[in-house]
1. Which ones in segment 530-559 are within 17 Å of Leu495 (Cα to Cα), open to solvent by less than 20 Å² (accessible area, probe 1.4 Å) and part of a helix (DSSP H, G or I)?
2. Which condition number in (1) without any contact (Cβ under 8 Å) to a residue 24 or more places away in the chain; (2) closer than 29 Å to Ala359 by Cβ; (3) of a type in the set (Lys, Arg) is the one that Lys569 fails?
3. Which condition does Met309 not pass, out of (1) open to solvent by 10 Å² or more (accessible area, probe 1.4 Å); (2) modelled with pLDDT under 95, if it passes all the others?
4. Which residues, taken from segment 312-354, are out of contact with any Phe, Trp or Tyr (no Cβ under 8 Å at 6 or more places or on another chain) and among the β-branched types (Val, Ile, Thr)?
5. Do we find a residue being open to solvent by less than 10 Å² (accessible area, probe 1.4 Å), assigned to a helix (DSSP H, G or I) and under 23 Å from Cys391 (Cβ atoms) anywhere in segment 318-333?
6. Among the residues of segment 491-529 satisfying the criterion of being polar (S, T, N, Q) and over 28 Å from Arg454 (Cβ atoms), which is most open to solvent (accessible area, probe 1.4 Å)?
7. Among the residues of segment 353-368, which ones are open to solvent by less than 10 Å² (accessible area, probe 1.4 Å), in contact with a strand residue (DSSP E or B) (Cβ under 7 Å, 6 or more places away or on another chain) and modelled with pLDDT under 95?
8. Being in contact (Cβ under 8 Å) with a residue 24 or more places away in the chain, open to solvent by 20 Å² or more (accessible area, probe 1.4 Å) and not in a helix (DSSP H, G or I) is the filter here; which residues of segment 9-29 pass it?
Amino acid sequence: MQVIKRDGRAVTYDRSKIILAIQKANSEVEPCEKISDEKIEEIVGSIEAKNRKRMLVEDIQDIIEQGIMADGKFVLAKTYIIYRYSRELIRKANTTDDSILSLIQNRNKDVMEENSNKNATVASTQRDLIAGEVSKDLTKRMLLPEKISKAHEEGAIHFHDADYFLQPIFNCCLINIGDMLDNGTVMNGKLIESPKSFQVACTIVTQIIASVASSQYGGQSVDVRHLGKYLRKSYNKYKKRYTEEFGDKIDPDTLEKLITERLKDELKSGVQTIQYQINTLMTTNGQSPFVTLFLNLREDDEYIKENAMIIEEILRQRLEGIKNEAGVYVTPAFPKLIYVLDEHNCLKGGEYDYITELAIKCSAKRMYPDYISAKKMRENYEGNVFSCMGCRSFLSPWKDENGEYKWEGRFNQGVVSINLPQVAILAKGDEEKFWSLLDERLQLCYDALMCRHRALEGVTSDVSPVHWQYGAIARLKKGEVIDSLLHNGYSTISLGYIGVYETTKLMRGVSHTDPVGEEFALKLMHKLRAACDKWKADTGLGFGLYGTPAESLCYRFARIDKERFGTIKDVTDKGYYTNSYHVDVREHIDAFSKFRFESQFQTISSGGAISYVEIPNMRNNLDALAEVVRYIYDNIQYAEFNTKSDYCHVCGYDGEIIINDDGEWECPQCGNKDHNKMNVTRRTCGYLGENFWNVGKTKEIKARVLHL
């Protein structure tokens with residue numbers, strides 16, 4: 001028998017350790033409270049009689065406690081429980097010590113690879129990661145109820161961002177950048193007045209982004225349309241200057257040409273400031289700011305012409321890329337871009353189709369932007385179009401005291417995700433049992449989410465002035481509590497979910513793309529949504545169902561379940577679970593069918609949803625990409641493209657990454673072997689249907705198909 005430890009490790013069962021633990025507790029009680037050696041053997045025998053291939057260490061300890069109490073030795077049972085708790089404290093302390101030391105020694109791969117925009121070998125980043133490990137330890141031991149900590153460790157749920165739970169900070173937000181630019185803000189005790197030009201506005205935006213990122217743990221989104229008025233201010237400034245300087249000396253056309261050329265120079269410099277500042281600034285978290293730029297041309301915007309120029313320049317510079325240390329143009333990780341498709345730019349003869357054509361070229365080469373359909377979003381959000389937050393979670397509609405919808409200046413309190421396949425594994429095909437177990441797990445999620453909420457109640461605005469006092473979220477007074485922004489749906493709190501495909505496979509024997517499976521999957525999704533709606537009605541809090549894109553969590557849940565339940569075909573055998581409602585990557589489905597199928601789940605998962613398709617050789621398939629973009633506008637709210645093209649970020653090599661004789665990924669151009677500095681999406685080493693990749697003479701490699 002394998003015993004699954006709390007950290008997920010599997011060790012061989014050792015009965016002597018159990019006997020020793022009971023004997024130690026036995027030695028601390030009065031003779032009348034002791035149990036006999038025969039009784040100890042009986043308890044150990046009851047564990048072994050279960051004849052399990054795997055058992056959780058917690059389950060073994062529960063059996064011991066029940067056996068002692070069944071013998072009427074309640075004082076001994078209490079002593080054993082205290083012994084068990086004290087050993088737990090020692091174990092956790094040692095685990096935390098080891099995790100911190102392994103960070104310093106660059107051995108802690110789980111933490112080092114958890115966040116792609118953190119370089120865990122740099123001292124400043126390590127300081128943040130060390131603080132995170134301490135926070136995780138205190139969170140599990142002291143701050144969370146034991147049942148929630150246990151559920152997290154067993155992979156029943158995932159309590160996101162425990163490394164930040166110790167501090168009174170939240171997840172992600174939509175910055176109220178318009179208010180901060182128009183009315184000024186304060187940073188580091190210094191007043192920042194409203195800018196008089198586009199270049200200065202861009203500089204202030206990057207300062208705000210860095211300051212905001214340092215005081216929250218999730219992403220942020222910025223609507224660039226607020227920059228349009230400052231580009232016009234620059235235009236008016238140059239027009240006044242050149243008119244005063246030249247007067248009637250030059251004709252109006254030449255004057256306008258001079259003004260336009262100078263304005264284009266400032267436009268290019270301003271956008272370049274945003275791009276380079278975001279990629280070179282380091283927040284106090286030891287990483288680049290996790291920021292998304294929202295590119296939306298609104299018909300009712302008086303500065304739509306200026307904003308069209310700004311969006312075009314942002315896409316043009318992203319298409320070009322940023323030079324790395326070797327002087328090669330590469331794709332920057334940030335800012336992420338979201339481009340809105342509307343009637344005037346959805347490639348149906350609209351005025352701004354030319355910008356969408358540029359966006360498609362950018363997607364083909366640089367993987368961004370993502371696409372939002374204004375048409376579908378208006379259907380789903382009461383006629384509104386707005387950005388998701390940096391973490392791809394969406395807000396629910398909320399109106400201010402004047403009955404006006406408000407989006408910017410709102411935020412997400414935190415996320416807890418449920419492991420759906422584990423519920424199905426435990427149900428063993430019994431649907432009545434499945435729904436009953438699901439209710440129990442949802443209650444756990446609710447309790448965990450309320451821990452997130454209560455941790456923010458009573459927090460004062462002083463903990464992050466840029467958020468609460470100077471406009472990013474609100475303009476509260478010093479010392480004022482933030483509670484009013486936590487209630488009545490102003491901010492959201494999210495239930496994430498993993499593995500609708502695997503759950504359907506376990507319960508119905510087919511994928512959720514099969515009509516039989518689809519019926520079950522939709523029922524499951526509506527059940528999750530109903531739970532969120534009920535919690536919202538009961539508490540007044542903004543609960544939302546969030547199709548989390550947490551790729552690392554897909555692997556964590558699958559690993560835990562495989563260690564506990566063994567290999568299950570099409571479930572734990574893959575090494576990963578599918579994200580949220582997504583179609584499994586091994587299914588053969590075209591892009592249009594995938595988007596059409598997944599769009600119905602996006603409507604239910606209104607607290608966050610994204611769908612993606614993989615298109616090979618995107619740079620040579622611009623016409624195909626254009627067709628998919630048109631389809632997105634009419635059929636699905638939020639989508640992105642991926643590709644099978646390999647890419648080296650060190651030298652810019654854009655071809656197939658090879659596997660060398662040592663079984664390592666290697667760039668054939670520069671010899672780079674660091675997989676964190678390359679894109680490799682073809683990772684099969686054997687036959688998996690049509691996903692055949694012949695690795696030639698290389699060594700046998702254990703690998704998996706990744707859908708990135």
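The values are calculated or read from the model by the stated rules, or taken from the named source; none is laboratory data. This one's a predicted model, so the numbers in the text were calculated from it and none came from an experiment. Quick reminder, even Gly has a Cβ in these numbers, built from the backbone with ideal geometry, and neighbours come from all protein chains shown. Protein only, heavy atoms only, side chains kept; ligands, DNA and RNA dropped before computing areas. Shrake-Rupley method; radii C 1.70, N 1.55, O 1.52, S 1.80 Å.
1. Once the filter is applied, which keeps residues that are within 17 Å of Leu495 (Cα to Cα), open to solvent by less than 20 Å² (accessible area, probe 1.4 Å) and part of a helix (DSSP H, G or I), segment 530-559 yields Ala531, Cys532, Leu553, Cys554, Phe557.
2. The failed condition is (2).
3. Going through (1) open to solvent by 10 Å² or more (accessible area, probe 1.4 Å); (2) modelled with pLDDT under 95 one by one, Met309 breaks only (2).
4. Ile314, Val328, Val330
5. The answer is yes; a qualifying residue exists.
6. Filtering segment 491-529 for residues polar (S, T, N, Q) gives 491-492, 494, 503-504, 511, 513.
Within this subset, residues satisfying the condition of being over 28 Å from Arg454 (Cβ atoms) are 503-504, 511, 513.
Working: Thr503: 0, Thr504: 0, Ser511: 14, Thr513: 48 Å².
Looking at the filtered set, the residue picked out is Thr513.
7. Passing the criteria: only Ser363.
8. Ala10, Tyr13, Glu28
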